[in-house]
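This report refers to the structure that appears directly beneath it.
No value in this document is a laboratory result; all are computed from the given coordinates. Owing to the predicted nature of the structure, the values given are computational and were not obtained by experimental measurement. Cβ: placed from backbone, ideal geometry, glycine included. Neighbour counts: every protein chain shown.
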Amino acid sequence: MHLKSLTLKGFKSFAKPTTFVLEPGVTAIVGPNGSGKSNVVDGLAWVMGEQGAKSLRGGKMEDVIFAGTATRGPLGRAEVQLTIDNADGALPIDYSEVSIRRTLFRSGQSEYAINGETCRLLDVQELLSDSGLGREMHVIVGQGRLDTVLRATPEERRGFIEEAAGILKHRRRKEKTVRKLDAMEQNLARLSDLAGEVR
Ligand code: ATP
């Protein structure tokens, strides 16, 4: 799985539709201060379902909509589309390419779509949750968060990596299963006691 492209329309400083084509491997976005590099990363977090305006460096969610400049008026909606190559089936959906779109209107109305079909935020979150992508997955480390990661204890850092790699979820499932097995063993012991009494 890899991210193929990201299109921003009316999102933050990107008034005109702008598409970033991402080839497999490392992509670097360079530009002068204030040219919108972090806005691209904000767009990525946003389309994957980010709900916190502060995480997107704004006061309220509406701040992601292009607010206008001296030469261009404000826009009425922000739209971001992310296209993911799913040839390896990493996302639990029967398509080799998956596009996720999120739109927000100034009225506050918000829309999500997967491969052009309108869906709920929950559907986007569920689609991404097994892949290690998505909200709270620590895959996006912003400028401010770098300090937190660098200052973290080795245990905390391991937690970040495990969460990003999707291991934490399996650890929780394992703990739950071990608890069930323990309960089952107790039931079996009780059963054999009872069988002994009946004999
Ligand atoms: P640096 O290198 O300093 O971190 P950067 O390239 O990451 O900068 P960003 O922080 O992504 O730059 O972009 C900041 C610019 O985006 C500012 O000029 C700001 O006015 C503009 N901007 C942010 N939100 C909006 C919006 N809703 N409408 C219009 N412009 C916006």
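Quick notes on this one:
- Estimated D of the stretch 81-153 in µm² per second, where Rh is the Kirkwood radius over Cα pairs and Stokes-Einstein applies at 4 °C, 1.567 mPa s: 92
- Here the residues S38, S110, ranked from fewest to most Cβ neighbours within 10 Å of their Cβ, fall in the order S110, S38.
- Between the stretch 1-58 and the stretch 96-111, the C-alpha centres lie 14 angstrom from each other.
- Relative contact order for the stretch 2-134: 24 percent, from Cα pairs under 8 Å spaced at least 6 residues apart, divided by residue count.
- Expected 222 nm ellipticity per residue - DSSP helices of 4 or more, -39500 (n - 2.57), all of the chain, to 500: -11500 deg cm²/dmol
- Long-range HN-HN contacts of C119 with modeled amide H, under 5 Å: Y112, A113, I114
- The Cβ shell under 13 Å around M1 holds other residues with a net charge of -3, Lys and Arg each +1, Asp and Glu each -1.
- Stokes-Einstein D (µm²/s) once Rh is taken as the Kirkwood radius of the stretch 1-81 over alpha-carbon pairs, at 37 °C in 0.692 mPa s: 248
- Reduced Cα scattering model of the chain, Debye log10 I(q)/I(0), q = 0.17 Å⁻¹: -1.23
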